[in-house]
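A.B. asks: Quick one: structure below, then a few questions.
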Amino acid sequence: MRTYADNDYPAHHRPDWRIIAGLWPYLTEFRGRVVLAVIFLVAAKLATVAVPVALKFIVDYLEEGRGQEAALAIPVLLVLGYGALRFGSTLFNELRDAVFARVAERAMRRVSLRVFEHLHRLDLGFHLSRRTGGLARDIERGTNGISFLLRFTLFNIVPTILEVALVAAILFAVFSPGYVTVILLAVVVYVLFSVKVTEWRTRFVREANAMDNESNSRAVDSLLNFETVKYFGNEGYESRRFDEGLADWERARMKNRLSLAFLNSGQALIIAVAMTVMMFLAVAEAAAGEISLGDVTMINAYMIQLFVPLNALGFVYREIRQALVNVERMFGLLEQPSGVTDRPDARELQPDGGSIRFDAVHFAYQPKRPILENVDFEVPAGHKVAVVGASGAGKSTLARLLFRFFDVDAGAIRINGQAIRDVTQGSLRAAIGVVPQDAVLFNDTIYSNIAYGRPDATEEEIHRAASLAHLDHFIDSLPDGFETRVGERGLKVSGGEKQRIAIARVLLKDPPILVLDEATSSLDTASEQAIMDALAEVARQRTTLAIAHRLSTIRDADQILVLEEGRVVERGRHEALLEQGGVYAQLWARQHAPERSD
Ligand SMILES: Nc1ncnc2c1ncn2[C@@H]1O[C@H](COP(=O)(O)OP(=O)(O)O)[C@@H](O)[C@H]1O
Ligand SMILES: [Mg+2]
């Protein structure tokens, strides 16, 4: 199997166009809205470009009227038109945003769901090495990035380029080519400068994000281990470690800010120089009487109107780069392949009685450390096979392989003759009920936690499962009964209670195959006996793989396997193994020595 480093996606940086192309499907969902938004966008730009023209006509009208005897009429229509255009440019922009908001928000929803589903598709190996805090941050930044990219590439970069071109065309048509030359030069220098500096800054953005993930992971991990922190009085240590993470983050953010200041100043300088040069040209031409006062006003208005969006473009470009970094990381997560996948021609498992066969199975979590070697055994349908052995021998690993949390390295596991590699994971897992070694619960009520075994179960079925798992007494003693909330990961109920809730859940699921991983290890002897009776009842018609620490619970098994360092060293029924006088007999003797009551 593959091994994972902590949150180690993505392996490579993908080109920007691929990220932007990845957004396309989100745009096509609401074609109508996108088209309407573009229409509003063009309307807004036309209105904006027309404002300085209106201004020019007003000034020229006043200029011409001066010195004439007749009282000057106020150019009402022109002034009203000027106001309407101004309002129009804002109104159309707002309409555009309102129409498009739906598209961006739906995209965020879609992509969040996709990431969530993908995370559930990834194999257990990934999840064992993930760091929840950092992962959550990556997803949050990624979805926000998607929304930003959608709103700004389409509605800022493209329209600003359009606007610059329009203004340049107007100036070129009406005035001397000097203005257009200055504008184009300024735009080119501005864009080149912004792109270069922003590229250089991108690594600070990545660095700051990595540091942010790091400190968030630490905070989440520390809070999850709240009790351990208290047991060892290590609040100070935790704070220091968290603060170290924050300090790195602070440094990264500082670099980010300083480089930003440099970028902003450079951009402002380019604009100021260009505006000064254009002002010189305009004033000189006006002084020479080549252009009117209205023309000077219009040129000035265009400069402001042009350089403001250009400046905004600088900001937007920067933010887009940042969003691209964030989205790239999230896409990397989405492209993270799962180590365990369905084959394209995977069939549904037909479990029938659910006979299990391990065929010369070899397995290692890490290449250099074999865990299971040549494990070979069979559980005929309806039979019970028990696995015993020291802690770390590989017993739980057997259960994980059967459930296909990992794929075997050599050999095969078959259920009712079908290799589990060749069937769908869904149908395989539907056939197996697992009572895990350390059950965890959802932060919800006892009722919902049991109902999780089969969400469409009736209340009656849930109550029956609870009493089969010997939960009656416990639940009756609770003031809120079934509605009691169990706390995060089920930390508000005891280990034995948790285990029984886990058993009730599996009873409700009612699968043909049962895997009990030390299912009764956290119970006292009395409730253990009660549960054993219940489990014996459940296991009667089922194929059962029971992993046990206490040998008394598996005396009745049809076959007992003794696992030592990943190899089956003894196998047989209880009595035969005792007679053999080997490892099992020793284990039994140790657990049942007279001075020990287990
Ligand atoms: N995800 C994992 N990655 C690496 N090693 C693991 C992993 N899970 C378990 N192991 C190791 O594999 C060995 C067998 O584990 P397990 O099957 O849980 O033992 P047990 O017999 O006590 O149930 C142990 O030494 C354990 O440290
Ligand atoms: Mg175990």
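The values are calculated or read from the model by the stated rules, or taken from the named source; none is laboratory data. It should be emphasised that the depicted structure is a prediction, and the values quoted were computed from it without experimental measurement. Cβ placement follows ideal geometry from the backbone for every residue including glycine, while neighbour counts extend to all protein chains displayed.
A.B. asks: Read through the list (1) away from ligand 2 (no atom under 13 Å from the Cβ); (2) part of a helix (DSSP H, G or I); (3) under 24 Å from Arg567 (Cα atoms), then give the number of the only condition that Ile450 fails.
C.D. replies: (3)
A.B. asks: Being away from ligand 1 (no atom under 16 Å from the Cβ), of a type in the set (A, V, I, L, M) and in contact with a Pro (Cβ under 7 Å, 6 or more places away or on another chain) narrows it down to one of Ala457, Ala465, Ala431, so name that one. Reasoning before the result, please.
C.D. replies: On the way: Ala457 fails: in contact with a Pro (Cβ under 7 Å, 6 or more places away or on another chain); Ala465 fails: in contact with a Pro (Cβ under 7 Å, 6 or more places away or on another chain).
Only one candidate passes the filter, namely Ala431.
A.B. asks: Of all residues in segment 103-125, how many are within 16 Å of ligand 1 (Cβ to nearest atom) and either crowded, with 17+ Cβ neighbours inside 10 Å or without any contact (Cβ under 8 Å) to a residue 40 or more places away in the chain (or both)? Can you show your working first?
C.D. replies: Let us first name the residues in segment 103-125 that are within 16 Å of ligand 1 (Cβ to nearest atom), namely 122-125.
Narrowing the set further to residues that are either crowded, with 17+ Cβ neighbours inside 10 Å or without any contact (Cβ under 8 Å) to a residue 40 or more places away in the chain (or both) leaves 122-123, 125.
Of the residues in segment 103-125, 3 are within 16 Å of ligand 1 (Cβ to nearest atom) and either crowded, with 17+ Cβ neighbours inside 10 Å or without any contact (Cβ under 8 Å) to a residue 40 or more places away in the chain (or both).
A.B. asks: If you check Leu516 against the conditions, is it within 16 Å of ligand 2 (Cβ to nearest atom) and under 29 Å from Ser391 (Cβ atoms)?
C.D. replies: Numbers: within 16 Å of ligand 2 (Cβ to nearest atom): yes; under 29 Å from Ser391 (Cβ atoms): yes.
Yes: the conditions hold for Leu516.
A.B. asks: Check Val515 against each of (1) within 16 Å of ligand 1 (Cβ to nearest atom); (2) modelled with pLDDT under 90; (3) buried (at least 19 other Cβ atoms within 10 Å of the Cβ) and name the one condition it does not meet.
C.D. replies: (2)
Let's see how each residue does on (1) over 30 Å from Ala136 (Cβ atoms); (2) within 16 Å of ligand 1 (Cβ to nearest atom):
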residue: Asp345; (1), (2): yes, no
residue: Leu349; (1), (2): yes, no
residue: Gly354; (1), (2): yes, no
residue: Val387; (1), (2): yes, yes
residue: Thr397; (1), (2): no, yes
residue: Leu402; (1), (2): yes, yes
residue: Val408; (1), (2): yes, yes
residue: Ile413; (1), (2): yes, yes
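A.B. asks: Also, I was wondering about something else. Can you pull out every residue in segment 456-490 that is touching a residue at least 60 places away in the same chain (Cβ under 8 Å) and either of a type in the set (Val, Ile, Thr) or not in a helix (DSSP H, G or I) (or both)?
C.D. replies: Of everything in segment 456-490, those that are touching a residue at least 60 places away in the same chain (Cβ under 8 Å) and either of a type in the set (Val, Ile, Thr) or not in a helix (DSSP H, G or I) (or both) turn out to be Ala469, His470.
A.B. asks: Sticking with this structure for a sec: Take segment 392-437 and flag every residue that is within 12 Å of ligand 2 (Cβ to nearest atom) and either without any contact (Cβ under 8 Å) to a residue 12 or more places away in the chain or in a helix (DSSP H, G or I) (or both).
C.D. replies: Matches in segment 392-437: Gly392, Lys395, Ser396, Thr397, Leu398, Ala399, Arg400.
A.B. asks: Across segment 353-376, what is the number of residues that are more than 26 Å from Thr544 (Cβ to Cβ) and exposed (fewer than 15 other Cβ atoms within 10 Å of the Cβ)? Write out each step before concluding.
C.D. replies: Step one: list which residues in segment 353-376 are more than 26 Å from Thr544 (Cβ to Cβ), which gives 364, 366-370.
So of that shortlist, the ones also exposed (fewer than 15 other Cβ atoms within 10 Å of the Cβ) come out as 366-369.
Selection size over segment 353-376: 4.
A.B. asks: Which one of these is touching a Phe, Trp or Tyr at 6+ places or on another chain (Cβ under 6 Å), away from ligand 1 (no atom under 16 Å from the Cβ) and among the aromatic types (Phe, Trp, Tyr): Phe474, Phe482? Full working, then the answer.
C.D. replies: Working: Phe474 fails: touching a Phe, Trp or Tyr at 6+ places or on another chain (Cβ under 6 Å).
The unique qualifying residue is Phe482.
Per-residue answers, yes or no, for (1) under 17 Å from Ala381 (Cα atoms); (2) of a type in the set (Lys, Arg); (3) touching a strand residue (DSSP E or B) at 6+ places or on another chain (Cβ under 6 Å); (4) outside the structural domain of Phe474 (by TED's automatic domain parsing):
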site	(1), (2), (3), (4)
Glu528	no, no, no, yes
Asp533	no, no, no, yes
Arg550	no, yes, no, yes
Ala557	yes, no, yes, yes
Ile560	yes, no, yes, yes
Arg567	no, yes, yes, yes
Arg571	no, yes, yes, yes
Glu579	no, no, no, yes
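A.B. asks: OK, next. Residues in segment 225-241: is at least one over 22 Å from Pro52 (Cα atoms), modelled with pLDDT under 85 and not hydroxyl-bearing (Ser, Thr, Tyr)?
C.D. replies: Here is the first cut: in segment 225-241, the residues over 22 Å from Pro52 (Cα atoms) are 225-241.
With the extra rule that they be modelled with pLDDT under 85, the set shrinks to 227.
Add one more test, that the residue is not hydroxyl-bearing (Ser, Thr, Tyr), and what stays is 227.
Yes, the conditions are met somewhere in segment 225-241.
A.B. asks: Identify the residue in segment 365-389 that is farther than 19 Å from Gln559 by Cβ and either away from ligand 2 (no atom under 16 Å from the Cβ) or part of a loop (DSSP other than H, G, I, E, B) (or both) and, among all such residues, is nearest to the chain's Cα centre (by Cα). So that I can check it myself, show each step before the final result.
C.D. replies: Looking only at segment 365-389, we keep the residues that are farther than 19 Å from Gln559 by Cβ, and these are 365-371, 373.
Okay, now just the ones that are also either away from ligand 2 (no atom under 16 Å from the Cβ) or part of a loop (DSSP other than H, G, I, E, B) (or both), so 366-370, 373.
On the way: Gln366: 26, Pro367: 29, Lys368: 31, Arg369: 31, Pro370: 32, Glu373: 36 Å.
Going through the qualifying residues, I end up with Gln366.
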